[in-house]
């Protein structure tokens, strides 16, 4: 079993570690806030700009037409549920990593 205690670390180092961890937590919280500042239903251009950071044309070519990608038709518009899109991305990141491994490519 591994045990770690900050008691043996000098106060200056303990404070530095605490500041680093606080900065990391703050960055994570801010990133999560950005996700939820977006509307619940996204247009293609909003999704391209704020979630994928690509052009709408790239989304059309590689993402939107996939049968497993979450979308909803409202009248003539196609909208994308923010939370389901983010969940889809998280699920499919591993699939992409596995494809790279299967091809024998390494970084």
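Computed quantities for the displayed model
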{"quantity": "Residue count for region 61-90, restricted to those that are modelled with pLDDT of 90 or more, in a helix (DSSP H, G or I) and closer than 26 Å to residue 31 by Cα", "calculated": "9"}
{"quantity": "Checklist (1) more than 16 Å from the chain's Cα centre (by Cα); (2) at pLDDT 75 or above; (3) surrounded by 10 or more Cβ atoms within 10 Å (Cβ to Cβ) applied to residue 6, failing item", "calculated": "(2)"}
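The values are calculated or read from the model by the stated rules, or taken from the named source; none is laboratory data. None of these values were measured; they are calculated from a predicted model. Cβ sites come from the backbone with ideal geometry, for glycine too, and all protein chains shown count toward neighbours.
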